[in-house]
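Note sheet for the following structure.
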C-alpha cells in the first residue's frame with residue numbers, strides 16, 4: 001500500500017513538473033502539449049517501465065534449456081518466498097550484477113548478467129536472486145522501475161529545454177516569458193540532480209530490506225555476503241556502463257555514462273555495511 005502511494009505521488013509530481021515546464025516555455029500551447037506528454041508518461045511508466053528497464057540494460061529472455069541451473073534456483077526461491085516464478089533474463093556482459101523489475105509479483109522479471117553466473121557459485125547466486133526476489137516480495141519493483149522512467153524523463157526534458165532555448169524556444173510563449181539560455185543551463189544542472197535525489201530517497205532503505213528478506217528466504221546470509229564482496233571486487237575490474245537512470249535498480253550500483261551529478265550521491269548503502277549487517281545477523 002505504501003509503495004503504491006509513493007508511486008502515485010511520484011507520477012503526480014512528474015505531471016506537475018511537466019505542466020509547469022510547458023507553461024513556462026510554451027504558454028498555453030506548451031501546457032497542453034505537456035499534459036498530453038504527462039498522460040502518456042504516466043501510462044507508460046505503469047504498464048511499460050519494466051520493459052523499458054529490460055531494454056535499456058540489453059536484457060534478453062533466456063530459456064530453461066539454455067540456463068537450467070538458473071531456472072532451478074529461481075523456481076526454488078520463488079516457492080520459498082510464496083510468489084509466482086518471475087520471467088528470467090540474461091544481460092550479455094561480463095560485469096557481475098542483477099536486478100528485478102515489474103508491476104507486481106504476478107508481472108515480475110529478474111535479470112542477471114553473464115558475468116555473475118561465471119563468477120559466483122550456486123550458493124552465492126542463490127543469495128543474489130533471493131535479494132532480487134526480496135524486492136519482488138516487498139513490492140518495491142514497481143516504484144523502482146517508475147523512478148527509472150521518471151529519472152530518464154527528467155534528464156530528457158532538461159536536454160529538450162536547453163536546445164529549445166538555444167534555438168528560440170518552443171514558440172508558444174512570448175520571448176519575455178521564457179528564461180533564456182541561462183535558465184536552460186540551470187535546468188540542465190537541476191534536473192539530473194533532482195532525478196538523483198529521487199533515486200537516493202528510495203533506494204538505500206530498500207536495499208537493506210531486500211538483503212534482509214533474501215537472507216530469510218535462503219536462511220543463509222553468508223551466501224549473499226560473499227556474493228556482494230565478489231561483485232564489488234570484480235565490478236571495479238570489469239565495469240558495467242548503464243544509464244544513470246537505471247543504476248539504482250541493480251544489486252550494486254554499476255558505472256554510469258555521463259553521470260557527474262549522479263555520482264555525487266550513492267543510491268546504495270556501502271557494500272561493507274551490507275555485508276556487516278548480514279554476517280552479524282542484524283538484518
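The values are calculated or read from the model by the stated rules, or taken from the named source; none is laboratory data. On a predicted model such as this, the values are computed, not experimentally measured, just so you know. Neighbour counts run over all protein chains shown; Cβ positions are idealised from the backbone, glycine included.
Just checking, does the stretch 239-248 include any residue being over 16 Å from the mean Cα position of the chain (by Cα), surrounded by fewer than 18 Cβ atoms within 10 Å (Cβ to Cβ) and modelled with pLDDT of 75 or more? Yes, the conditions are met somewhere in the stretch 239-248. Checking the stretch 28-36 against the condition returns no match, with no residue being touching a helix residue (DSSP H, G or I) at 6+ places or on another chain (Cβ under 6 Å), under 18 Å from residue 146 (Cβ atoms) and in a helix (DSSP H, G or I). Among the residues making up the stretch 76-100, none is crowded, with 22+ Cβ neighbours inside 10 Å and without any contact (Cβ under 8 Å) to a residue 12 or more places away in the chain.
For first residues located in the stretch 101-127 and at positive phi, partners that are crowded, with 21+ Cβ neighbours inside 10 Å and lie 6+ apart or on another chain with Cβ distances below 6 Å form the pairs 102/50; 102/108; 102/109; 102/141. Among the candidates 59, 55, 67, 39, the residue that is at pLDDT below 95 and closer than 28 Å to residue 241 by Cα is uniquely 55. Do we have residue 130 as farther than 24 Å from residue 237 by Cβ, touching a helix residue (DSSP H, G or I) at 6+ places or on another chain (Cβ under 7 Å) and either modelled with pLDDT of 70 or more or not in a strand (DSSP E or B) (or both) here? Here the answer is yes, as residue 130 does meet what is asked.
Of all residue pairs spaced 6 or more apart or on separate chains, those with beta-carbon atoms under 9 Å, a first member in the stretch 27-38 that is on the phi > 0 side of the Ramachandran plot and a second member that is assigned to a helix (DSSP H, G or I) are 27/177. Within the stretch 49-59, the residues that satisfy the criterion of being assigned to a helix (DSSP H, G or I) and either surrounded by 17 or more Cβ atoms within 10 Å (Cβ to Cβ) or touching a helix residue (DSSP H, G or I) at 6+ places or on another chain (Cβ under 8 Å) (or both) are 49, 50, 52, 53, 54, 56. Taking the condition crowded, with 20+ Cβ neighbours inside 10 Å, farther than 19 Å from residue 47 by Cβ and at pLDDT below 95, does residue 137 pass? It is true that residue 137 is crowded, with 20+ Cβ neighbours inside 10 Å, farther than 19 Å from residue 47 by Cβ and at pLDDT below 95.
If the condition is being assigned to a helix (DSSP H, G or I) and more than 17 Å from residue 217 (Cα to Cα), then the stretch 60-92 contributes 68, 69. The number of residues in the stretch 93-127 that are touching a strand residue (DSSP E or B) at 6+ places or on another chain (Cβ under 7 Å) and either farther than 17 Å from residue 59 by Cβ or assigned to a loop (DSSP other than H, G, I, E, B) (or both) comes to 4.
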